[in-house]
Structures are given as C-alpha cells and as structure tokens.
Amino acid sequence: MVRYKYGYRIKGAAMINLSEFHRYVAENQPNICQVTVVHHDRTMINDSWNGYQEDDTVHTMSVTKSVVSLLTGIAVEQGLIGSIDDYVLDYFPDYKIKRGEKTIQKVTLKNLLTMTAPYKYKSEPWSKICVQEDWSIAALDFLGGRRGMTGEFQYSTLGIHILTGIIARESKMTTVDFANKYLFEPLTIAPRKMYVAPDAEAHKAFTVGKAPKGNIWFSDGKGVGAAGYGLCLSAEEMSKIGLLCLKKGVFHNKRIVSEKWLEESTSARLCCGEKFRDMKYGYLWWIIDEKEKSYAAIGNSGNVIYINPKNRLVAAVSGYFKPTVFDRIDFIKEQIEEKLKNK
C-alpha cells in the first residue's frame, strides 16, 4: 500500500484535507487514538491522537467478537468444527447438565454466532464467570433456561466465550496461538500474547485503562482468549483485518478465510431492535447497509472496523476507554466515506 501525506485523488473522488481532519477529530471525537483508512487499495489516512503512536494498541472491546467469527470460519474450513449447526454440547461431552435443564441441549454454534442463544440471566454475571479458571465451562452453566429456544437476539459478551473454548479444545492450541498462526501471521500482524489478570482489580484496570496495551489478548486461566472482548490491536492492524474481508478472504494473494464463510457471516440474519439502532446482525458482525453490503466490527469506546465493498473502503478507528460512544459509524460515513465518494 502507498501512503499519501496530503491525500490522494482517484477518478474524480474528493480528497480529504488531512490537517482539517486531524483538527476535527481532536475537537469532536476526543477519545480517538488512531484512524487508518484504505480506499481503492491506497492508504488515505494513517493518523494518531492522544499521544498514541502508529503501532500502539488499544483494547478493541467487542471488535474481538468479529475476529472470533473469522477464527470460527477458519476452524470450520480446517474441519476442526464439523458445522455451525452442531450442538454446543457435542464439543463438551463430559459436561454435566444441571438437573431439569433441557434447553442447553438444543443450542447450536450458530445460536452463539448470531446472539440467539438463550441464557439464564438478565445481566451478564461477570463476577461469577470471570473468577473461574475455565470460562467456557462457567459460561455453559448459564446457557439454556426455562424460556427455551426463542430465537430472540440476546447480546452476550461472556456467553460466546464458549466459541473460543471450542476452538482451543479442537485445535489443541490456545486460542491466541491459533489466531497467531492462522490469522495474524498471514496478515503480517505481530503475534499476540495471552494476558491473564491476577485479580478483579487488574481485570478492571485492563478494561478501562486509557494507556496503550501492548500486543496482548485477555485470556482466562486456561489460556483461552476471551471471545467477546480483550483483543488489543492498532487501527492499522484492524485495517488489515478489514482488507482481508474486503478482498473476500485473501490477503497478499494468500487465501486465509473462505469466501463462502465471509459471505455467510456478513449476511443479515436478524434485526436487533431499537436498542441497537435497528442494525442487523450476521455471525458476530454488524450489518450497516444491506444494499451496499457494508458491515462492521463494533466495540465499546467507538472501536470500529468498517468495510464497504461497493466503495472499496476500509476504515479502522481505535479509541481509549470511553463508554457509550454510539456515533462512530456516523463519523466514518460523514467525515470519511462521503468525502471519498466519486463525484
């Protein structure tokens, strides 16, 4: 990719004034640390704020979920996972089902991927799951319930840890090692290391801290990377993941993820309701515009990987911890995408 300090004009497309863009972000999006934008295979923006350097990483929060979707597709392609229609308990044959619990036996991997798995809680039981050594088993204890399989969207950060647990079990590797070998290394992303918090205070500090994180993935005591959060990346690294998706699973002429998996996982499966701005959901990906086939990995603090195949655009934004940032997709569409569209 070629970098252009003052922007790049292609086929009549508008050009972003980078100094004005830098000032706009500083004044209107104060928690943004980095922005990397690739348009028509050229890096248009690669900028940093808040003392961050280009290769510093942030805790990307729920962007992690979409990365886990890619890893699940790789595991399916390798035959480690037979089918996402498999029942979850097929991968935990020694798990002891609680007395009277019947619903758990009907839950599939697809339910986890589409956030339609039922759970026995209204709010996520962080203090009960995150103090356990094996979060996958702890999450299984909350899977199911008396309401049965409703097919309703129930967003879960802890419950889908079962997915990374399955990848680790079937690959005989830690999730982080699996990701390093089959996803990060082919994308020329530096390997991540496991980080296990020694106590609840350290866990909280990791989650809400504003300083750069290093090349780590928050993991449970078994070395299984958290599926719903915990992965630390820079915006430039996130843009490589976005480019992989834009190129239908190929990066630097090497197939990493199957095109079929990407098409399936980024197709709308259900509408998520007003609470989630009426966006639709695929397999751990948010569907932004069905007509344009644009989609995104979205995490708290406004961390985003945005992919628009129609416009051949990837925009990656990293931000330090700031809860309830809901306008980041709007920011990308208004301040980046609109200004790069052909006249």
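The values are calculated or read from the model by the stated rules, or taken from the named source; none is laboratory data. What you see is a predicted model; the values in this text were computed from it and never measured. Cβ sites come from the backbone with ideal geometry, for glycine too, and all protein chains shown count toward neighbours. For accessibility, only protein heavy atoms count, side chains too; no ligands or nucleic acids. Shrake-Rupley method; radii C 1.70, N 1.55, O 1.52, S 1.80 Å.
Some notes on this structure:
- Selection status of SER83, farther than 21 Å from ALA197 by Cβ, modelled with pLDDT of 95 or more and open to solvent by less than 20 Å² (accessible area, probe 1.4 Å): no
- Count of residues meeting criterion [open to solvent by 50 Å² or more (accessible area, probe 1.4 Å), modelled with pLDDT of 95 or more and among the β-branched types (Val, Ile, Thr)] in segment 205-242: 0
- Note on segment 46-68: residues that are assigned to a loop (DSSP other than H, G, I, E, B), of a type in the set (S, T, N, Q) and open to solvent by 30 Å² or more (accessible area, probe 1.4 Å) amount to 2.
- Of the helices (runs of 4 or more DSSP H) entirely within segment 137-221, those holding at least 1 residues that are under 17 Å from the mean Cα position of the chain (by Cα) and aliphatic (A, V, I, L, M) occupy 161-171, 175-179.
- Unmet requirement for HIS59, which otherwise passes all of (1) at pLDDT below 95; (2) under 24 Å from VAL176 (Cβ atoms): (1)
- Number of the condition not met by SER69 [criteria: (1) in contact (Cβ under 8 Å) with a residue 60 or more places away in the chain; (2) more than 18 Å from the chain's Cα centre (by Cα)]: (2)
So that you can scan it fast, the table gives a plain yes or no per residue for (1) surrounded by fewer than 19 Cβ atoms within 10 Å (Cβ to Cβ); (2) within 20 Å of ILE74 (Cβ to Cβ):
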residue	(1), (2)
LYS248	yes, yes
ILE256	no, yes
LEU262	no, yes
CYS271	yes, no
PHE276	yes, no
TRP285	no, yes
ASP289	yes, no
SER294	no, no
ALA316	no, no
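- Here the condition is being out of contact with any Ser or Thr (no Cβ under 7 Å at 6 or more places or on another chain) and either of a type in the set (Lys, Arg) or modelled with pLDDT of 95 or more (or both); of ILE160, ILE167, it holds for ILE160 alone.
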